[in-house]
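In what follows, a single structure is set out as structure tokens and then discussed.
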Amino acid sequence: MEKLRGFEVAKGFESAGINMPVRKTKYSAGYDIEAAEDVVIPSFKKGDKPILVKTGLKAYMQDDEVLFLYNRSSNPKKKGLILSNSVGVVDKDYYGNADNDGHIMFAFYNIKEEDIEIKKGETIGQAVFQKYLVTDDDCADGVRTGGFGSTNK
């Protein structure tokens, strides 16, 4: 069977008991993604960098597809967690990169006054595969050479 799109366990997490993402209902767009380990997201202070929450997953897809990472709808109200980049973008060529094997992570800020603990196996967000289009004059021919945040390097 040809692999079209899906998730795999990223290198270094083979023995970590990572659950594959699932859609909970027939018409859900998103696959629920879990945290790969316990992590504390401290209350935000000016100058703080976002906390990267590991998933232990990587994703493969077709040439004209992208994987979008969205926050859980309940996270901001219940836990005070917001994504630092609003929506994460995982490109096809992120999969298997030399830096981190394409390991997917969610970048969170905590806007509550108290620290928030995320437990391993807790759902932290959703991942949605999507087709995309390019312009008539598109001539992108660059090759990814790294992992997280490496597009402009």
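Each value in this text was obtained by applying a stated rule to the coordinates, not by laboratory testing. Everything numeric here is computed off the predicted structure, so don't read it as measured data. No Cβ is skipped: glycine too gets one built from the backbone with ideal geometry, and neighbour counts run over all protein chains shown.
Data table
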item	result
Signed unit charges on C-beta, dipole axis of the chain, positive-most listed residue Y27, T145, I111	I111
The chain, relative contact order in percent, only Cα pairs under 8 angstrom and at least six apart counted	32
Other-chain or far-sequence residues with amide H under 5 Å of K112's (modelled H)	F44
Test item: Cα-centred dipole of the chain, Lys/Arg +1 and Asp/Glu -1 on Cβ, debye	700
Label corresponding to mean projected area of the Cα convex hull in nm² when calculated from the structure given, among (i) 12.8; (ii) 9.3; (iii) 11.1	(iii)
For V66, net neighbour charge (Lys/Arg +1, Asp/Glu -1) across residues whose Cβ lies under 12 Å away	-2
About the Cα centre, charge dipole magnitude for the range 41-127 (Lys/Arg +1, Asp/Glu -1 at Cβ), debye	540
Given charges at Cβ of Lys, Arg, Asp, Glu: the chain dipole, positive-most of V53, N97, N75	N75
Unsatisfied cross-links (Cα-Cα over 19 Å) in the set K26/K78; K11/K58; K24/K54; K24/K79	K26/K78; K24/K54; K24/K79
